[in-house]
Amino acid sequence: MDFLKSKDTKPARRRFMGAAAAAALGTPMIAKGQTGPISMRWQSTWPSKDIFHEYALDFAKKVNDMTGGELKIEVLPAGSVVPALGLFEAVSKGTLDGGHGILGYHYGKQNALALWNSGPMFGMDANMLLAWHKYGGGAALLQELYASIGGNVVSYLCGPMTTQPLGWFKKPITKPEDFKGLKFRTNGLAIDLFTAMGAAVNALGAADIVPALDRGLLDGAEFNNATSDRILGFPDVSKVCMLQSYHQSAETFEISFNKTKFDALPAKMKAIIDNAVEAASSDVSWKAIDRYSKDYIELQTKDKVKFYKTPDSVLQVQLKLWSEIVEKKSAENPLFKKIAESQRAFAERVVKWDQDTNISRRMSVNHFFGAKAPAPKKT
């Protein structure tokens, strides 16, 4: 029994208690590791059949693969949880963990948001817009803008879009006056532009546009590109498409996260998301070139759609009206003015560099393909 009273008794007891405490403290960490991957439920603003929803799924797969399944993003199509135009509120409130859409769909919350998706962008293309966003101060301005409306979101811009068609119509647009009284679908600040041209504008979501054209609720509409337009059924209700317009000559997608959910992610996952956005941005650009060009041919050969170039007179009116819209909105909204001035300053530098440096492809195209290349007709 004297053994129990040895001098080592207290240290041994301390060692035992210390080990037990360490085990107890370690238990939550082990349990946390056993809870499995972090799951996020997202929604896009696109119908499931649209290539835009495919882009959303592509991004989610990149993140899921890069994290080795530790983060699992599930992307639902538009309307699964909220309507397409309700995505911002759903993500901000946490009803959804994230989403895939465009900033112009939140235009009603703060009209300056549409400066990332509407208008001639002072001559920039969509890649230049992304350059301004990342390196020219655009990202910080977007954070400031979201803070002004209480947006609990983390936003990434991704995927340069090609210049969008003027739209689909019953007959070719030949002059600016053709828009007077026309029932037309668009979104963002293009609403202000076409309203100023005399149109009666309706900002419908993607899935509702073709049914509205079919029922005569719209006389004309634009969505985005040859592939989306074909998938959504535009050639079933119209055989006239006008190419080239300044209403949305440069635009990007928005990938958004609920900020509370995003902030709780490990630093490693945040870094993966940062890089997955840029990987997805490149992939969107490359996939678009391949798919849109194929569907442009299919629309002409199989669907018998006639493409026309938008008359310069219409384009010139768009530019004039856009300048007036920017001036008016800037006078009403200090943040609008701040963003527009930032874009303009960046554009003045990069557009001059681009035009001075890069050769026009027109001569080369004519040399190799000549009159064989399909081109939109002039009205």
Checking V82 against (1) open to solvent by less than 40 Å² (accessible area, probe 1.4 Å); (2) within 19 Å of L145 (Cβ to Cβ), which single condition isn't satisfied?
(2)
Considering every residue within segment 246-264, establish whether at least one is within 24 Å of Q143 (Cα to Cα), aromatic (F, W, Y) and surrounded by 22 or more Cβ atoms within 10 Å (Cβ to Cβ).
yes
Condition set in a loop (DSSP other than H, G, I, E, B) and open to solvent by less than 20 Å² (accessible area, probe 1.4 Å), scope segment 85-107, selection nearest to K270 (Cα to Cα): answer is L96
Filtering segment 319-338 down to residues that are open to solvent by 30 Å² or more (accessible area, probe 1.4 Å) and touching a residue at least 24 places away in the same chain (Cβ under 8 Å), which residue is farthest from G198 (Cα to Cα)?
K338
Filtered residues of segment 47-78 (kept if in contact (Cβ under 8 Å) with a residue 60 or more places away in the chain, open to solvent by 40 Å² or more (accessible area, probe 1.4 Å) and not in a helix (DSSP H, G or I)):
K49, E70
First in segment 255-274 and in contact (Cβ under 8 Å) with a residue 60 or more places away in the chain and closer than 15 Å to H100 by Cα, second anywhere and among the hydroxyl-bearing types (S, T, Y) and open to solvent by less than 80 Å² (accessible area, probe 1.4 Å), Cβ under 6 Å, 6 or more apart:
I255/Y156; S256/S155
Could you check I231 against (1) among the β-branched types (V, I, T); (2) over 24 Å from I325 (Cα atoms); (3) open to solvent by 20 Å² or more (accessible area, probe 1.4 Å); (4) part of a strand (DSSP E or B) and say which number it fails?
(4)
Can you tell which of L213, L243 is closer than 29 Å to Q316 by Cβ and surrounded by fewer than 21 Cβ atoms within 10 Å (Cβ to Cβ)?
L243
Selection status of L315, open to solvent by less than 40 Å² (accessible area, probe 1.4 Å), in contact with a helix residue (DSSP H, G or I) (Cβ under 9 Å, 6 or more places away or on another chain), modelled with pLDDT of 95 or more and assigned to a helix (DSSP H, G or I):
no
For segment 356-376, does any single residue satisfy the condition of being surrounded by 12 or more Cβ atoms within 10 Å (Cβ to Cβ), modelled with pLDDT under 95 and under 23 Å from S118 (Cβ atoms)?
yes
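The values are calculated or read from the model by the stated rules, or taken from the named source; none is laboratory data. In this text, all values refer to a predicted model and were calculated from it rather than measured experimentally. We place every Cβ from the backbone using ideal geometry, glycine too, and count neighbours over all the protein chains shown. SASA here: full protein model, heavy atoms, side chains in, ligands and nucleic acids out. Shrake-Rupley method; radii C 1.70, N 1.55, O 1.52, S 1.80 Å.
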